[in-house]
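One structure below.
Quick note: the coordinates plus some simple rules give every number you see, no bench work behind them. Keep in mind that what you see is a predicted model, and the values were worked out from it rather than measured. Neighbour counts are summed over all protein chains in view; Cβ atoms, including those assigned to glycine, are modelled from backbone coordinates with ideal geometry.
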Amino acid sequence: MSPIALGAMLAIVVPISFLVFLAFGTDRVAIRNIQANLGQRARVTTHQSLAAQFSGFTRRITPGSYEAWLDKQLAGVGRPKEWPLERLLAVKPLLGLGTGFVGLLYLLAEPSLARASIMVGAIAFGYFAPDLLLRSNAQKRRDAIRQELPNTLDQMLISVQAGLGFEAAMARAAQNGSGPLADEFIRTLQDMQVGRSRKEAYLSMSDRVDVPDLRSFIRSIVQADAYGIAIAKVLKVQAKEMRMKRRQRAEEHAMKIPVKILFPLIFFIFPTLFIILLGPAVMNIIAAFS
């Protein structure tokens, strides 16, 4: 192996090994933060761990708007505790270097401009692949919340008409439910239990979920709470409106099906059908004139 190829491989392997060590060392920082929150005293040292330094470095080099977008997508996914924002920012360069190493091996096998562009594309794909997964999972979760909202509002309306308060009805709907909307209701109730006002907790849930239907419902509840309107009436109107919107979305998807099936029908089904129907006749004509 030539010295240039060996040096290029070492330039990829050494940073990957270093970043892997830093990524798996971030749990120590999280444990220290938890211990500090629980009131356990720890000695403050001036020497920060390599993981904390790398996490701070990745946050410094990441643009603020891009970091805010990632944080919004994590909120849409439900903020899984296994993947906080700091770990995501630390893993993205690792994935970029990993796919770049594979692309480098592919380039060294037969150097060319096309393979160099493939290596650059592999690095970009490895770096932005978590963004695609986050966006996809966040959209699926929002769709599930939008689908569950009318039935949940019906359950809350029944509970309120039976004599429960709005928070008790929300707790009952969250207890009986098992989807992402139930998880968001539980978190909103926990926010109110730790001292946040009802309006702040509701608006925080609206911003966190980022679903237009839920935002409209939260805005109606906040206004009803401010002006003293009966919650049961608001729930009844909102539940009826959400059911109508869900039916309209189903009708919209049904109307899109003929348009979506048009291109596969023209380019795949019709040619095969023509070959099956006209193929024998064409073969007989060719045989007759030959």
Exercise. Would you mind calculating the gained length between ILE286 and GLN175 on full extension (0.36 nm times residue separation, minus the Cα-Cα distance), in nm to one decimal?
Key: 32.6 nm
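Once the piece of chain linking ASP183 and ILE266 is laid out straight, how much longer is it, given 0.36 nm per residue of separation minus the C-alpha distance between them?
Difference between extended and current length: 25.4 nm.
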Practice problem: Give the calculated FRET efficiency between ASP143 and MET192 to the nearest 0.05, with a Förster radius of 22 Å applied to their Cβ-Cβ distance. | Solution: 0.25
Quiz item: In the structure displayed, which of LYS240/LYS260; LYS140/LYS256; LYS140/LYS245; LYS72/LYS140; LYS81/LYS140 lie more than 23 Å apart, Cα to Cα?
Solution: LYS240/LYS260
Exercise. Can you tell me how much longer the chain between ILE158 and GLU241 gets when fully stretched, taken as 0.36 nm per residue apart minus their C-alpha distance, in nm with one decimal?
Key: 28.2 nm
Practice problem: Sequence neighbours fewer than 8 away in the same chain don't count; with that in mind, list the aspartates and glutamates whose C-alpha is under 17 Å from LYS233. | Solution: ASP154, GLU167, ASP225, GLU241
